[in-house]
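All of the numbers you see were taken from the coordinates with simple rules; none came from a lab. Computed from a predicted model, the values in this text were never measured in an experiment. All Cβ positions, glycine included, derive from the backbone under ideal geometry; neighbour counts span all protein chains shown.
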Amino acid sequence: MRKILKLAVATALLAAGAMTAGAANAADPLKVGFIYVGPIGDHGWSYQHDQGRLAIEAALGDKVETVYVEKVAEGPDAERAITRLARQGAGLIFTTSFGFMEQTLAVAKKFPDIKFEHATGYKRADNVSTYSARFYEGRYVIGQIAAKMSKSGIAGYVASFPIPEVVRGINAFLLGAQSVNPDFKLKVVWVNSWFDPGKEADAAKVLIGQGADIITQHTDSTAPLQIAEEQGVVGFGQASNMIKFAPKAQLTAIVDDWSTYYIDRTKAVLDGTWTSTDTWGGMGAKMVGMSEYTNMPDDVKAMAMETQAKITSGAFHPFAGPIYKQDGELAVAEGAVLNDGTLAGMNWYVKGVDDTLPQ
Amino acid sequence: MRLVLERRAERSRLMGWLSPVVAVALTLATGAVIFSLMGLDPARALYVYFLEPVLWWWSLEELVVKAAPLVMIGVGLAVCFRANVWNIGAEGQLTMGALFGSALPILWHEFQSFPVMVLMLLMGALGGALYAAIPAFLRTRFGTNEILTSLMLVYVAQLIADWFIRGPWRDPQGFNFPKSVQFEGWQLLPTLGDGRMHLGAGLALVAVVVLYVVMSRTLKGFEVRVVGTAPRAGTFAGFSSKRMVWFCLLLSGGLAGLAGICEVAGPSGHLQPAISPGYGFTAIIVAFLGRLNPVGVLVAGVMLGISYLGGEAAQIDLGISDKTAQVFQGILLFFILACDTLILYRIRLLRPQTA
Amino acid sequence: MTGLEAVILTIITASTPLLLAAIGELVVERSGVLNLGVEGMMVVGAVCGFATAYTTGSPYLGVLAGILAGMAMSLLFGFLTQTLATNQVASGLALTLLGLGLSGLIGESFTGLPGVKLQPIDIPVLSEIPFLGPILFGQDILVYISVALVFVVSHVMARTRTGLVIRAVGDNHHSAHALGYNVIAVRYGCILFGGACAGLSGAYLSLAYTPQWIENMTSGRGWIALALVVFATWIARRVLIGAYLFGTVWIMGLYAQALGIGIPSQVLSSFPYLITILVLVLISRNRTLTKINTPACIGQTFVPDR
């Protein structure tokens, strides 16, 4: 038995050696691996990351080779999938969900020569970078549009899970809306899922039934927007441009655009200039895009474009004071801007949200 | 021409061994055809799919990690199903086990000496068993069907866990992300070397051995079989069907709970909302593929593990999609199930007789 | 539209897919077969329904395709469990796995495309009645079918010879066989009916509920449908009650959230499951009634001796 074991270990070592040798060969293209939490066919989060992968292929051609594993469960399965990519000679690995954080770090420790990029996390290492996008910038813009377009003064928000990312989005949306109409109301429904078209549709219907004439969402499917179209109200696309699903209802969509970042980071590995960084880019870094403004009067469009331009240039920050918390406490003083640390871990609502956060 | 089954006088021992071989051969043949139709080299594809997971030390380790919870839950369910107790809520019991077991390391993080591990494992098993006690109580007290109660409670358990992990139990230093503190010291199960294979695998093996002995050598095992196959005879023999429901649900719930805490304290190392990728449901298939026999469950668990790992390897190596892998897995299961028929029956083709 | 009317309309769309899948599975189980593959048949029905409707532009052809796809999947299950006498529980679960994979493959080229919506049939005049009009007379055809199916199945099961035979087969296949009924053929028929209903339910999701195709879009509704059959204690009319109870509690949870009443969403989301359990407990206290309707041979394989 022990002999067999020894033999197995020896073979494994030999093969592993052969593989690393292969990876070191300069003529080989750089293998870039991706781990997705959902199916590429979700047309949301994982889909947009895959668009980024395709952009790398398009931009760098035969200098790179990309591989991916989709529908990887957050947990032990993720560590195995990442390990597998590492063992199969990937030189750069993108792990595209928060739930892969510890697993990414664990694998990175075992493979110090491989570069890792973890999306939306906060733990880094010498060979692990983190990156995320300031989607809240887009949410501020759509909040302004919502307040201009709404007759009832109530928007409905279909939300997934109460994590800082989503809470931040809700706050930014309402701050944008309040900048136009200080009495604007927001109703929130949590569906406890990123991805359940049926439940998302139900939530949208319930919100419309309670008087919301603007539907916005922080879940992945196109269902809420489709309901808006059906019931004659308007709304916003999420993650990708959803105009095909709601030609009359989509005002604009916040588009996740990972391609610029992915191409830059891949180039950095090819040039040997890659270092561990923490990137939190917004409209200025082209990570957050707005699709065409449609179905709205010209003055609203002009306002939206102006806000977008100001955010892009850095002239305006959505979380600029004064900002009051739900209970009336002053959170950011006039003239100050909420710092990134607080923003990253945001777990309180701004004044005017009609919902309670679990603490 | 018509296909009919003819019952054998007794279980065919030969077929018992042969049927899995035939099933694998059929799957290989089908796989070869599918892969060549997709324009892949069938030999390489099959190698990646079936052999690679067992040829490397690290992937063997991964196989064990993947199979351990399936086996641990599967053996418990096998006993349940033998006794005609339909616990299909093992996924919920697993979640509760994970939650109970994690209470100590989360609430008392400084407690990192050896006893904490023992307590965590016990609490995990207790959590699963307590959660399975709900359907047991409702069944024995009110006659409520356990298929519905155990299944519905899965969703409830996941929501409870979700609330804890996003609420009071999240890591205070974790920027309010849904994740508990990282376990440390003996809060983590010991692993073999610095690999990924952890104590959970050993516990799964113990469960297999113990239940094998119980089922084949003890009165309790006899009781389970009698109550399952001939409930009336069981009543005459003085076996209480209520006690049997309790026994089966507590046992399978406890094992599922144990599997849950082993996942969290083993390969995970912390609690996060996605605790299991559906192990509790997959274990139902494992139990039946293993013919409700503890040793069979062990084999079936490993086999299913291979098909998962192979599917993943195929995604990376061959560039086939996750769906193809899943379809392939479905086909494999069908072949195994169909071939098992040969153990009990002979297949005959009948030509239509002219009367 | 008034608030209450909106709520009721939402409840109807949320309950219909559950009802469709459950009523089919009820017939399957009544014949003594436990098909745990509802989710798999549903999801294949959804993708085939969507693909056909998208390609041909006709949602009705889509519905038909959904039905046929569900039947094809159930035929596979029938062949395994009836002709080859495999274990039903395992075969059903394997069918779900296969269905999820297969639907993903078929749907690969159909993701991200807007679907063709099955339009409501507005019955002239009647649908204009305030409040009741849109609820009773302004639904799409599948909603009417789902309710009609309940009454048809209920009638067939209780009052016709066909129903008697199905129940006989489910309660004691040996005696049914001895009486000269072809147990396997009856079960094949029921399995196909169940497949058709599951496929229809899937088509409802991808054509009426949310007209689009997304992988795994059934999100566990097949499992709920399975539970509802047990909830109904195998009585057809109770499936109607069960599906609408589940749908109502679910929508009320969302409604309460939108009102901002401050109960954690996880608690509200767990209500449909807990209330279903609670009501079943109350029902099942009448044990004789439950016993009469429980198919005694459920899940057992039957191979006729020649």
Fluctuation leader among B:178, B:20, B:277 - chain B, Gaussian network, Cα springs under 10 angstrom: B:277
Would you grab the residues whose amide H sits under 5 Å from the one on residue A:279? Only those 5+ places off in sequence or on another chain, please, with H modelled 1.01 Å from N. A:130, A:131, A:132
Determine the shape class of the stretch B:67-307: with a ≥ b ≥ c the square roots of the Cα gyration tensor eigenvalues, call it rounded for a/c under 1.5, and otherwise prolate if a/b is greater than b/c, oblate otherwise. prolate
What are the ³J(HN,Hα) couplings of the stretch C:20-33, residue after residue, when phi is run through the Karplus curve with 6.51, -1.76, 1.60 and θ = phi - 60°? Round to Hz, x for glycine and proline. 4, 5, 5, 5, x, 5, 4, 5, 4, 5, 4, 7, x, 10
Once residue B:295 and residue B:236 are pulled to full extension, the length gained, defined as 0.36 nm per residue separation minus their Cα-Cα distance, is 18.2 nm
Label zone at residue B:173, where the point sits 7 Å out along the Cα-to-Cβ direction: the stretch B:94-133 residues whose backbone N lies under 20 Å: B:103-113
Check chain B for me: any Cys whose beta-carbon has no other cysteine beta-carbon within less than 4.7 Å? B:262, B:339
Ranked by GNM mean-square fluctuation in chain B (Cα springs under 10 Å), the top entry among B:102, B:252, B:268 is B:268
Counting only helical runs of four or more DSSP H residues, what would the 222 nm mean residue ellipticity of chain B come to if each run contributes -39,500 (n - 2.57) and the total is spread over all its residues? -23500 deg cm²/dmol
Return the whole-Å distance between the Cα centroid of the stretch B:142-214 and the Cα centroid of the stretch A:302-357. 39
Given a Förster distance of 35 angstrom, what is the FRET efficiency for residue B:243 paired with residue C:175, based on the Cβ-Cβ distance and rounded to 0.05? 0.70
Greater than 31 Å apart at Cα, pairs in A:310/B:179; A:31/A:248; A:286/C:117; A:151/A:286; A:31/B:66: A:310/B:179; A:31/A:248; A:286/C:117; A:151/A:286
Pairwise FRET efficiency - residue A:109 versus residue B:111, Cβ, R0 = 35 Å, nearest 0.05: 0.85
Taking H as built 1.01 Å from N, whose amide H comes closer than 5 Å to the amide H of residue B:144, not counting residues under 5 places away? B:139
Relative to chain C, whose Cα atoms define the longest principal axis, helix C:236-259 and its Cα axis are tilted in degrees, nearest 10, by 30
For the protein assembly as shown, percent of DSSP beta bridges that are antiparallel (nearest 5) comes out at 25
For a quick check: with amide H placed at 1.01 Å from N, whose amide H comes under 5 Å from residue A:68's, ignoring anything fewer than 5 positions away on the same chain? A:34
Could you tell me which of rounded, prolate or oblate describes the protein assembly as shown, using a ≥ b ≥ c as the square roots of the eigenvalues of the alpha-carbon gyration tensor, with rounded for a/c under 1.5 and, failing that, prolate when a/b is larger than b/c and oblate otherwise? oblate
Roughly how many nanometres apart are two label points built 7 Å out from the Cα toward the Cβ at residue A:336 and residue A:292? 4.4
Is the shape of the stretch A:320-359 rounded, prolate or oblate, going by the alpha carbon gyration tensor and its root eigenvalues a ≥ b ≥ c, with a/c under 1.5 for rounded and a/b larger than b/c for prolate? oblate
Set the Förster radius R0 to 45 Å, insert the Cβ-Cβ distance between residue C:296 and residue C:61 as r into 1/(1 + (r/R0)^6), and round the FRET efficiency to 0.05. 0.65
For the stretch C:156-171, in residue order, the Karplus 3J(HN,Hα) values (coefficients 6.51, -1.76, 1.60; θ = phi - 60°; whole Hz; Gly and Pro = x) are 4, 5, 8, 10, 10, 5, 3, x, 4, 4, 4, 5, 4, 4, x, 8
On a 0 to 90° scale, report how tilted helix A:2-24 is relative to the longest principal axis of chain A, with both axes built from alpha carbons and the result rounded to the nearest 10. 70
Distance (nanometres) between label positions extended 7 Å along Cα→Cβ at residue A:277 and residue A:302: 3.8
For helix C:265-284, report the angle its Cα long axis makes with the longest principal axis of the Cα atoms of chain C; keep it between 0 and 90° and round to the nearest 10°. 40
Using the Karplus curve 6.51 cos²θ - 1.76 cosθ + 1.60 with θ = phi - 60°, what ³J(HN,Hα) values do you get for each residue of the stretch B:254-267, in whole Hz, with x for Gly and Pro? x, 5, 5, x, 4, 4, x, 5, 5, 5, 6, 7, x, x
Given Cα positions, please report Rg to Rh for chain A, the hydrodynamic radius being the Kirkwood one. 1.03
Build a GNM of chain A with springs between Cα atoms under 10 Å: which of A:176, A:209, A:289 gets the top mean-square fluctuation? A:209
Contour minus Cα-Cα span, residue B:229 to residue B:133, at 0.36 nm per residue, comes to 32.2 nm
What is the extension gain from residue C:4 to residue C:151, computed as 0.36 nm multiplied by their sequence separation minus the C-alpha to C-alpha distance, in nm to one decimal? 50.3 nm
Lys and Arg at +1, Asp and Glu at -1: add these up for the other residues within a Cβ distance under 15 Å of residue A:250 and post the number. -1
Residues in the stretch B:295-321 reached by a label modelled at residue B:43 [backbone nitrogen below 20 Å; 7 Å Cα→Cβ]: B:314, B:317-319
